[in-house]
Amino acid sequence: MSFPYLSVLTVAPAVGGVVVALLPKDKPELAKRVALAWSVAVLGFAVAMWIGFQANGPRLQFRESYPWIPAWGVRFTFAADGIALVMLALIALLVPLVILASWHDAENSRRSVPMYFALMLFLESSMIGVFAAADVFLFYVFFEVMLVPMYFLIGSYGGQRRQYAAVKFFLYSLAGGLLMLAAVVGLWVLGGHTFDWETLLKADFSTGAERWLFLGFFLAFAIKAPFFPFHTWLPDAGGAAPAGAAALLVGVMDKVGTFGILRYCLPLFPDASKYFAPLGMALALVGVVYAALLAIGQNDLKRLVSYTSIAHFGFIGIGIFAFTTQAASGAVLYMFNHGLATGLLFLVVGMLVARRGSALIGDFGGAGKYLPVLAGVFFFAGMASLALPGTSPFISEFLVLVGVFTVNKTVAVIATFGIILAAGYVLWMIQRTIQGAPNPAIEQVEGMKRPMSLREAVVVTPLIALILLLGFYPKPVLDVVNPAVKATLSDVGASDPAPTAGKLTVTKEAGR
Amino acid sequence: MSDSFKLPNIDYAALAPMLILFGVACLGVLVEAAFRRFSRARIQLPLALLGAVAALIVVIATADKRTVTAGGAIAVDGPSLFLQGSILVLGIVALLLIGERTLERGGSFVAQAAVTANTEADRAQAATAEGASEVYPLTMFALGGMMLFSSANDLLTMFVALEVFSLPLYLLCALARRRRLLSQEAAMKYFLLGSFASAFFLFGVAMIYGFAGRVDFRGIDEAIVGSPASPVLLYVGLSMLAIGLLFKAAAVPFHVWTPDVYQGAPTPITALMAACTKVAAFGGLLRVLYVAFGRSQWDFQPVIGTIAVLTMLVGAVLAVTQTDIKRLLAYSSIANAGYLLIGVVALNKDGLSSSLFYLVAYGFTVLAAFGVVTLVRDADGEATHLSRWAGLGRRSPLFAAVFTFILLAFAGIPLTSGFTAKFGVFAAGVESGQTWLVIAGVLSSAILAFPYLRVVVLMWLSEPAESTPSVSIPGALTSAALMIGTLATLALGVAPTLLLPITTKAAEFIR
């Protein structure tokens, strides 16, 4: 057996979390360093795993399986396909950067500083577990456990209205999770008393049962992602969470929703997926437009970025439910790129908010004059977020739209308006915060004169580099994602429509 | 066949655990008579613990016994042995809480219950006097009665057992050292409503006798297919029996006593009731429905199913509005009775084994929960109003963390026994086609998460108020009880395999 990458990757951060939590409270610096070193080591593991992954190998790789609850057929089964691998890499990359970016965040909150970083590591462990699990029960366990560290991160270390936001986040997710629990139980009973994902793949359900099971899972994922109309918790949570936790919440945790649809809803319930695809598509499409409109109206930077995310999740959603290879690959690539771009945006917003002491857009204005470098990074993050060509989100958005266009032109056209709206909210946000005449109130704030520190530069550089690199050369990620996406779509039994503009498609295929 | 009266064969080995408990209880009464007040408590607790441990050892040693003895009055089979063992284990932990005397001078029980509440004499005895040591023999009688209740194989034995464990509990409820009026009111309420429930039960027994001509479960089972009597007698009798049993199980609409009694009773007794009475009540319910009335399941399944839904939803919704931690836990215990009813209604082997698992898992968690409640105190005793718990996480992070873990277990978060237990009963429910109950179960769990979460928010995310009470350092006994309860909650959540094979093996009634 090869090296047990996935179980080590899941357990290691939790062990690190315990170590950090046990460090004395009066040594915050030590805790930060240990947490950072630990997460960098986890990143190293993830990189090694990526290298060891064979893009054209079997669908699920690094499979490990240990008995857990024999009476229910539950096993610790870990395995990753290309989609999961990409998400695991994203987590491993974002966590050290977030830890580094949140270096001073916990100090303002009068709470234990080591605990903040320990919670980050616990969160990393549970998020890795969600993506690495290949046993439905195990997946559910991580899906629920994941809420606990995030709940305390928001509730204990967040900004205004943090209690309300934390409870709302927890209850929404728990309600979805419990509906999924009913579906998990049903799946177990109807699927022959097993939780093994690969075995369940071959199970057959009656049409009615399959639709109910699909709905149980889909609702949980739609709340998690979140899709319209289950989205209202996200702006509250994203607005109240400390910037680092918000970056992880939106950048990674919410992807569990779209990942879950790809990994569980589509392959396990293919007929129901086709039956409900118009519903999924409609919810996602409404999200694209509606959330973008709401984003334009926000006056709080963190809430604004949260709304942009809901719009982006709409794009991912229509990519998934289009059932074409291009759209689905685009959606998965979008999940990765959105993690980079929105992660960056949240972290930069966090840096701005830390300086200004406020997240209200009205408190900024002309900030670029004082903070030219940070403003530049902010501008770049905004451009990446609106999917400017040359940045990686452009590729994914384009793939999604092209893939959707081949099957449903109306949806593609409406979604394209989402891009225009995106330009609207990003540009207006930038104009109101960093451009224009300097806000006289900023003059009084000492923090606004503090230029970008080396630590902050180290945080943003890898993200900027990756966004640019993948903007021009997405092949490394696409190569890993494509086989998994094709396998998923063949589970659903969807085939790409015959090309109508043959020439164009042929050249595109040749270009790959 | 001769008409002469023959002594029934009695398998003393099979009855040994109950005999030990009743023997120790009687011994305890003698101790009360023979020793001075000061030394009694020091003798009674070790005696009670010793008796319970000895009985537990016998239960474990005879774990493979399957027999009906005492003239068909008592069935010693898998479920009854498992339930006896659970009652004993949970009872031992509850005894630890009952025996705690370092938190408050003289323990949590009043010295002389007869002293009028709120008089000078009462205040004097509340301040200094040694608590009543009669609680130990009373507890032992109650535990013995519960064990008999879950092993009774005919309705009359069951009724006797019901009274044997109820009467000591009524008394115990009245013995709180503080808030005497509340405690007396709780005992009175419990006694009156409990008497009604017992009367219903007894009336039901008479009806069933009229239907079947017998009161033993095997006879009833045979009569359901063969009796020429009107089935109306059966239905009326069964509903009256069910009222009696569901009262003890605290199912809606027979739940109204629960919050008042849970709030008024001394907290260790509340813990005992929440853990052990629940085991006994559901043990009896399971045996009656599975063994005696299993053949008319199509008649009662929808009714009990409806009661289960009501119990879950009413318990969850009313828990949201509570402002007192003991009342909150009482409503949570009602909702949990609803989840347990899913396992009961499933009426299959999985339903039985998952109910057994649930009873043990919930018992440990609820013992730990009330254990923490005994610790949060101010000058007037326990501070149970929720507003007093604000900011507790700052004052005593360890206990707040333990309580948070327990609340997460109640909410059914994975890696706690609350989740594995719920999963078990839900799976059994779906398996037997009662999916609607499972849907109601998950919805009510979502509602119920809110009150739990509110307590977590209060403890961790609220600023401590001026009047935030301190968390007392628990004595060895409470520490042990807390530790056992919390560790069992964790262990059964992470590795339910520790218990699942045992419940699966035990889940087979004999007639």
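The values are calculated or read from the model by the stated rules, or taken from the named source; none is laboratory data. All figures in this text were calculated on a predicted structure; none of them were measured in a lab. Cβ placement follows ideal geometry from the backbone for every residue including glycine, while neighbour counts extend to all protein chains displayed. What goes into the accessible areas is simple: the full protein's heavy atoms, side chains included, and nothing from ligands, DNA or RNA. Shrake-Rupley method; radii C 1.70, N 1.55, O 1.52, S 1.80 Å.
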Estimated inter-spin distance, A:L279 and B:N118, nm [label 7 Å along Cα→Cβ]
5.8 nm
Using Cα atoms only, what is the angle between the long axis of helix B:476-494 and the major principal axis of chain B, expressed in degrees (0 to 90) to the nearest 10?
60 degrees
Provide the solvent-accessible area of A:V252, counting protein heavy atoms only and rolling a 1.4 Å probe, rounded to the nearest 10 Å².
0 Å²
From the P(r) of segment B:184-314, can you give the percent of Cα pairs sitting at distances over 19 Å?
51 percent
Once all protein chains are kept in place, B:S198 shows an accessible area at probe 1.4 Å, nearest 10 Å², of 10 Å²
With -39,500 (n - 2.57) per DSSP H segment of 4 or more residues and division by the full residue count of chain B, the 222 nm estimate, nearest 500 deg cm²/dmol, is -23500 deg cm²/dmol
Here FRET efficiency (C-beta to C-beta, B:A63 to A:F398, R₀ 60 Å, nearest 0.05) is 0.35
Computed from the beta carbon distance with a Förster radius of 35 Å, FRET efficiency for B:L498 and A:V47 to the nearest 0.05 stands at 0.35
Okay, which of segment A:84-114 sit inside 20 Å, backbone N to the point 7 Å along the Cα-Cβ direction of A:A37?
A:93, A:95-104, A:113-114
So what is the calculated 222 nm ellipticity per residue for chain A, using -39500 (n - 2.57) for each DSSP H run with n of 4 or more, over all residues, to the nearest 500 deg cm²/dmol?
-23500 deg cm²/dmol
Based on the mean of other Cβ atoms within 10 Å per residue, sort peptides A:355-363, B:241-249, A:19-27, B:491-499 so the most packed one is first.
B:241-249, B:491-499, A:355-363, A:19-27
What is the Cα centroid distance between segment A:79-93 and segment B:281-301, reported in whole angstrom?
51 Å
As I understand it, the dipole of segment A:5-511 uses +1 on the Cβ of Lys and Arg and -1 on the Cβ of Asp and Glu, about the Cα centre. Which of A:F78, A:P24, A:L333 lies farthest toward its positive end?
A:P24
What's the lysine pair count for chain B at a Cα cut-off below 30 Å, pairs eight or more apart or interchain?
22
Please give every one of the lysines within straight-line cross-link reach of A:K255, meaning a C-alpha to C-alpha distance under 25 Å, and leave out same-chain neighbours fewer than 8 residues apart.
A:K168, A:K224, A:K274, A:K302, A:K475, A:K486
Within segment A:1-134, what whole-number % of the accessible surface is contributed by carbon and sulfur, with the 1.4 Å probe and all protein chains included in the calculation?
67 percent
Name the residues of segment A:27-48 whose amide N is less than 20 Å from a point 7 angstrom out from the Cα of A:S453 along the C-beta direction?
A:27-40
So the carbon and sulfur contribution to the accessible area of chain B, 1.4 Å probe, in percent, is 69 percent
Rounded to one decimal in nm, the spacing of the 7 Å Cα→Cβ label points at A:D204 and A:F472 is 5.3 nm
So if I restrict to the alpha-carbon atoms in chain A, what is the Rg, and what is Dmax, the biggest pairwise distance, in Å?
21.8, 69
For A:174-184, what's the mean count of beta carbons from other chains sitting within 10 Å of each residue's beta carbon?
6
Mind jotting down the distance between the C-alpha centroids of segment B:113-128 and segment B:206-265, whole Å?
41 Å
To the nearest 10 Å², what's A:T199's accessible area with a 1.4 Å probe?
70 Å²
Test of understanding: extend the Cα→C-beta vector of B:A465 to 7 Å, then name every residue of segment B:370-395 with backbone N under 20 Å from that spot.
B:373-395
Over the whole of B:411-424, what's the average partner chain Cβ count within 10 Å per residue? Rounded to a whole number, please.
4
Interface area, A with B, accessible, probe 1.4 Å, both sides summed, Å² nearest 100:
3100 Å²
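I need the Kirkwood Rh of segment B:12-506: take the reciprocal of the average 1/r across all distinct C-alpha pairs and report it in angstrom.
Result for segment B:12-506, one decimal place: 22.5 Å.
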Residues from segment A:56-101 losing no less than 30 square angstrom of accessible surface in the full protein assembly compared with the chain alone, 1.4 angstrom probe, ligands and nucleic acids excluded, are A:W68, A:I69, A:W72
Jot down the radius of gyration and Dmax of segment A:215-323, Cα atoms only, both in angstrom.
13.5, 43
What is the distance in Å between the Cα centroid of segment A:102-156 and that of segment A:361-421?
29 Å
List B:R327, A:R63, ordered by accessible area with a 1.4 Å probe, largest first
A:R63, B:R327
Hey, rough spin-label estimate for A:L360 and B:R42, points 7 angstrom out along Cα→Cβ, what's it come to in nanometres?
6.9 nm
Accessible area per residue of chain B at 1.4 Å probe, in Å²?
34 Å²
Place the peptides B:353-366, B:72-85, B:92-105 in order of packing, highest mean first, counting for every residue the other Cβ atoms within 10 Å and averaging per peptide.
B:353-366, B:72-85, B:92-105
Whole-number Å³ per residue for the convex hull built on Cα positions in segment B:260-350:
91 Å³
